[in-house]
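Right, one structure below, let's go through it.
FYI, it's all coordinate maths here, none of it is from the lab. No experiment lies behind these values; they were computed from the predicted model shown. Backbone-built Cβ (ideal geometry, glycine too); neighbour counts: all protein chains shown.
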Amino acid sequence: MADFWHTLVTQRGDLLTALGQHLILSVVSLLIALMIAIPLAIWVIPKPKTANVFLQIAGVLQTIPSLALLGMLIPLVGIGSVPAVISLVVYALLPIFQNTYTGLTEIDPSLEEAATAFGMTRWEKLHKVELPLAWPMILSGVRTALVMIIGTATLAALIGAGGLGTFILLGINRNNNTMTLIGALASALLAIILSFALREIKQIRLKPLLITVAIAVLGGGGFGIYKLVQPQPVSITIAGKLGSEPEILINMYRDLIEADNPNVKVTLKPNFGQTSFLFSALKSKQITLYPEFTGTVLESLVDKPKQQATSANGIYRQAKKALQQQDQLSLLPPLKYNNTYALVVTRAFAEKYHVRSISDLAKVSNQINAGFDLEFLDRTDGYKGIQKRYGLNFKTQSMSADLRYEALHEGKVNVTDGYSTDSQIRQYDLVVLKDDRHLFPTYQGAPLMRTTTAKAHPEIVRSLKRLQNKISAADMQEMNYQVNVQKKSAAKVAHHYLVAHHLLGGER
């Protein structure tokens, strides 16, 4: 409990931000679903066959796994809030549509006849008789949809939309159960509070409620337009992949840029997602820059050169040239350390089977139960490359990158993939196997941004270039250890390094 309260107090600012993002995503999605489902249900009342078709479609949409739906939307609308809202709306349609249709079609026919006898028009019957009578049923569907939206919205963090899922992902990534628990509890509490508030709305008349909602929507739209027409300072968004290392780097980028350029407003989006998500977001102008690795560029993001360089400088130059020609992106000068892929085993396993290199695994391949993350399994410089260059085939299973070290430590797997600067290597006293056939290319981190942005803001480029050839592998592993194991803030760790190495003046 002491750790819980300490984390809650120290992370309260981030928690409130995530809570606000989660609330906005949920409310906006619910309002859009209401505006689609309720009018549609009213329209199909005289058309039961059409209503049945819509019910079937809504039911099928709800069976699509949320991660799959997000993945299908990314090529169409990019990443961030838009695909998250679309997904949440899709899942909210069925309960609202179904309850509205059921509530309106199960009204006592004698009441309908009485309304007709009084000479009411179709519209008058709807808003004076039918909707008020169906309101409790409609509201029940809305409450169901809201709870579903709030729970599903935690996945929005996987595509850079923020929310309480960020806390859950960070907790898993850093093996911090307290952060995961705080994110889950906050999400559950939000669902309970909003569901209770909706239950109390049963006592409110429908017409005043609809007027209030309309005023809120119009007011929000007006405020948005006002913000758009106001002159804005230079604003850039820096995103990072999942994990402590990208978060440390983007905090360094922010500190350097803001120190040199007080008129620039920097927004950070840590734990934004995997490589493909960030690359798509950069090209679609949803983010301004993010830290990428030279080896990843050549292996995953551009067409491979016919003859790939082997030196660190050669790999950087090839990656820089290919990005510029293919996507008009600028890869700035890299950091010093090489955060390459690695196969990792426990010290006990290495000593028992006398394993020191990847080639040594051939003599114990029938004893291997490997756990790799999905990206490593599918990469030519990952398990596919190991199969081809080393001639190795052994039992593998896919698992979240955040959980693979814990699985190795607990003996659930005996080989896993990692990166040379991972803090868990030091934390669990693991052994990195030598890449004796030189499969893994050099992976030096470097800021990646659009060329148009680099040309428009040379002052930002100058600030970022101050990190050129800085940060050794030992430095990076130590900083990762401080964040993941010692639970220090990534922002403070990054700032301390910059000050200690005379890249910034003054401690926070």
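For percent of Cα pairs over 36 Å apart, one of (i) 48; (ii) 42; (iii) 30 was computed from the structure I shared and the rest are decoys. Which label? Only one option fits the structure, namely (ii). Computed from the Cβ-Cβ distance with R0 of 51 Å, the FRET efficiency linking Thr116 to Leu374 stands at 0.25.
Selection among Thr7, Leu133, Ser276 by position relative to the dipole of the chain gives Ser276 as farthest towards the positive end (Cβ unit charges, Cα centre). Tell me the Kirkwood hydrodynamic radius of segment 425-499 in angstroms, computed as one over the mean inverse distance between distinct C-alpha pairs. Kirkwood radius, segment 425-499: 15.4 Å. Positive contributions from Lys and Arg (+1) and negative ones from Asp and Glu (-1), summed over other residues with Cβ under 9 Å from the Cβ of Gln274, come out at 0. Projecting label points 7 angstrom from Cα along Cα→Cβ for Val485 and Arg462 puts them 4.0 nm apart.
Take the Cβ-Cβ distance between Leu16 and Asn263 as r, set R0 to 30 Å, and report the resulting FRET efficiency rounded to the nearest 0.05.
Computed FRET efficiency for Leu16 and Asn263: 0.65.
Each Cα pair under 8 Å and six or more residues apart adds its sequence gap; the mean of these over the residue count of segment 2-228 is a relative contact order of 26 percent.
Counted by Cβ distance under 14 Å from His354, the other residues give a net charge of +3, where Lys and Arg count +1 and Asp and Glu count -1. Of the GluC sites (Glu not before Pro) found in segment 102-178, those that fall in a DSSP loop while having at most 16 other beta-carbon atoms within 10 Å are Glu106. Dipole magnitude for segment 2-228: computed about the Cα centre from +1 point charges on Lys and Arg Cβ and -1 point charges on Asp and Glu Cβ, it is near 240 debye.
What you get for the chain, charging only the Cβ of Lys and Arg (+1) and of Asp and Glu (-1), is a dipole of about 920 debye around the Cα centre.
When the chain is fully extended, how far beyond the present Cα-Cα distance does Ile57 get from Asp108, taking 0.36 nm per residue of separation? Before the final figure, lay out each step's value.
On the way: separation 51, 0.36 × 51 = 18.36 nm, distance 2.80 nm.
Length difference between fully extended and current span is 15.6 nm.
Taking a virtual spin label 7 Å from the Cα of Arg437 along the C-beta vector, which residues in segment 373-412 bring their backbone nitrogen under 18 Å of it? Once the point is set 7 Å along Cα→Cβ of Arg437, 377-396 turn out to lie under 18 Å by backbone N, inside segment 373-412.
Grab the beta carbon distance between Ser365 and Tyr428, set R0 = 22 Å, and tell me the FRET efficiency rounded to 0.05.
For Ser365 and Tyr428, the calculated efficiency is 0.40.
Say the cut-off is 21 Å between C-alpha atoms; which of Lys321/Lys455; Lys470/Lys492; Lys465/Lys488; Lys321/Lys434; Lys283/Lys488; Lys336/Lys465 go over it? Don't skip to the end; give the middle numbers.
Details: Lys321/Lys455 16 Å; Lys470/Lys492 18 Å; Lys465/Lys488 26 Å; Lys321/Lys434 30 Å; Lys283/Lys488 33 Å; Lys336/Lys465 12 Å.
Where the Cα-Cα span goes over 21 Å, the pairs concerned are Lys465/Lys488; Lys321/Lys434; Lys283/Lys488.
Percent of Cα pairs in segment 2-228 per distance bin of 5 Å, from zero to the largest separation: 1, 6, 12, 15, 16, 15, 12, 9, 6, 3, 2, 1, 1, 0. Listed by chain and number, the lysines placed with their C-alpha closer than 25 angstrom to that of Lys49 are Lys125; residues fewer than eight positions away on the same chain are left out.
In this simple spin-label approximation, Asn313 and His502 carry label points 7 Å from Cα along the Cα→Cβ vector, and these lie 2.4 nm apart. Spin-label model, Thr50 to Glu351: label points 7 Å out along the Cα-to-beta-carbon direction sit 7.5 nm apart. Gyration tensor analysis over the Cα atoms of segment 393-450 returns equivalent ellipsoid semi-axes of 23, 16, 13 Å (largest first, whole Å). Pick out, from Gln308, Ser398, Gln387, the residue whose Cα sits farthest towards the positive end of the charge dipole of segment 277-405, with +1 on the Cβ of Lys and Arg and -1 on the Cβ of Asp and Glu. Comparing the listed Cα positions along the dipole, Gln308 ranks first.
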